[in-house]
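Below: one structure, written as structure tokens.
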Amino acid sequence: PELGTMDDFVAFVDEARKQGLEVALDLALQCSPDHPWVTEHPEWFTTRLDGTIAYAENPPKKYQDIYPLNFDNDPEGIYIAIRDMLQVWIDAGVTLFRVDNPHTKPLVFWERLLADVAQRHPEVIFLSEAFTRPAMMHTLAKIGFHQSYTYFTWRPTVRELAEYLTEVSGPASYYMRPNFWPTTHDILTPDMQAGGAPLFAARAVIAATGSPSYGIYTGYEFVENVPRPGVEEQIDNEKYEFKNRDWSQAEALGVKDVITKVNQARRQHVALRRLRGRTVHRSTNDKILCGSRHVPAEESPTGRADTVIVAVSFDPHVVHDAIITLDMDALGLADDARLVVDDTLTDATYTWGREFYVRFDPAVTMAHVAGVRTL
């Protein structure tokens with residue numbers, strides 16, 4: 001009840017829309033022990049030999065307060081109930097659903113549900129949160145999920161991330177739309193626990209320039225990086241408590257400024273809003289990743305080529321430098337071309353060629369997001 005009534009929710013959605021925002025809900029197909037379905041439709045759950053309903057488990061985690069749905073006994077009844085439930089929230093103005101663990105539900109269920117909603121409400125987007133085998137993640141995208149969580153969070157090295165960025169922008173890009181998240185309430189990797197504000201800034205830059213869709217978990221600007229002991233998740237998060245943050249202090253660590261500037265670059269450059277056209281360039285330092293996004297003039301909605309070069313340090317503790325060698329052919333340039341670039345993060349202008357020098361001091365900046373001014 002502390003979260004409000006449905007009227008409060010509808011008012012919230014309306015106010016969000018006035019601010020240019022859309023509201024997303026988490027769609028978790030499971031029930032609390034006191035949900036009416038437990039007594040009205042016990043066949044929709046798995047019953048143990050002792051007569052109790054089986055709770056959810058994702059070893060080593062146990063969720064005694066969650067009863068997963070079992071689609072085997074009455075798939076039609078469950079489908080109708082879920083479709084009706086979704087319509088309630090769509091009618092309330094929700095346009096995005098983040099679906100919890102869709103890979104644990106029948107694929108035919110999702111094919112039917114996604115097709116039905118797409119036909120009636122094409123504005124509604126479904127985001128697949130399935131951290132599972134790559135083949136299943138790709139299959140979920142192929143059957144209709146509009147966006148997909150990814151392994152981005154668990155790619156902490158330059159080599160791993162370079163390979164992954166190349167993978168998601170390759171042939172898979174024709175059906176799978178990745179969504180990059182540096183952290184979530186459930187995910188706080190060891191590098192993010194130890195990297196402080198510099199790494200939070202760097203990973204935000206990589207997420208925002210590595211995928212047209214990216215996400216920032218609430219409180220990211222405050223570098224909330226204390227884990228629950230023994231678990232890679234935030235110790236204080238909205239699963240367990242209401243959060244009261246003093247947003248007047250959000251400027252102090254510099255992460256908010258980085259997010260603001262990289263979002264400005266995304267609005268300015270069509271290349272950063274496109275999945276394909278990604279190239280990883282050679283760096284002499286294995287702690288510095290350099291990549292680019294390029295849209296040729298004939299494929300650009302503006303009729304002009306657009307190119308952004310992004311270089312990022314992966315070490316938040318030590319000053320690093322490198323010589324970058326650009327693949328000029330991938331940028332549609334001759335090897336001897338000179339590039340005038342404007343760095344969104346530092347407001348500096350540089351003249352680069354096929355080879356150029358970068359230096360990153362974590363106390364100053366961890367990255368360049370450089371728009372190419374002239375080609």
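The values are calculated or read from the model by the stated rules, or taken from the named source; none is laboratory data. These figures come from a predicted structure and were not determined experimentally. Backbone-built Cβ (ideal geometry, glycine too); neighbour counts: all protein chains shown. When the accessible area is computed, the model is the full protein with side chains, heavy atoms only, and any ligands, DNA or RNA have been set aside. Shrake-Rupley method; radii C 1.70, N 1.55, O 1.52, S 1.80 Å.
Observations, loosely collected:
- When the strands (runs of 3 or more DSSP E) confined to the stretch 294-375 are screened for residues that are over 29 Å from the mean Cα position of the chain (by Cα), those reaching at least 1 such residues are found at 320-325, 339-343, 349-352, 355-360, 367-374.
- Some residue of the stretch 258-273 being touching a residue at least 24 places away in the same chain (Cβ under 8 Å) and closer than 20 Å to Gln193 by Cα: yes
- Any pair with Cβ under 9 angstrom, 6 or more apart, that starts in the stretch 111-124 at a residue that is open to solvent by 50 Å² or more (accessible area, probe 1.4 Å) and ends at one that is part of a helix (DSSP H, G or I): Arg112/Tyr79; Arg112/Arg83; Arg120/Gln87; Arg120/Ile90
- A search for C-beta distances below 6 Å between a residue of the stretch 145-164 that is within 22 Å of Phe97 (Cβ to Cβ) and any residue that is basic (Lys, Arg), counting only pairs 6+ apart in sequence or on different chains, returns Gln147/Arg177.
- Annotation note: Cβ proximity below 7 Å between a residue of the stretch 349-369 that is touching a residue at least 40 places away in the same chain (Cβ under 8 Å) and a residue that is surrounded by fewer than 16 Cβ atoms within 10 Å (Cβ to Cβ) and charged (D, E, K, R) (sequence gap 6+ or interchain) occurs for Val358/Asp321; Arg359/Asp321.
- Any hit, the stretch 95-114, residues being on the phi > 0 side of the Ramachandran plot and of a type outside the set (A, V, I, L, M, F, W, C): yes
- Output for the stretch 37-77, where each listed residue is surrounded by 11 or more Cβ atoms within 10 Å (Cβ to Cβ) and among the basic types (Lys, Arg): Lys62
- A residue that is within 25 Å of Tyr149 (Cα to Cα), free of Cβ contacts under 8 Å to residues at least 24 places away in the same chain and open to solvent by 60 Å² or more (accessible area, probe 1.4 Å) occurs somewhere in the stretch 7-23.
- Residues satisfying the stated conditions in the stretch 160-186, i.e. open to solvent by 40 Å² or more (accessible area, probe 1.4 Å) and either part of a strand (DSSP E or B) or out of contact with any strand residue (DSSP E or B) (no Cβ under 9 Å at 6 or more places or on another chain) (or both): Glu160, Glu167, Pro171, Tyr174, Tyr175
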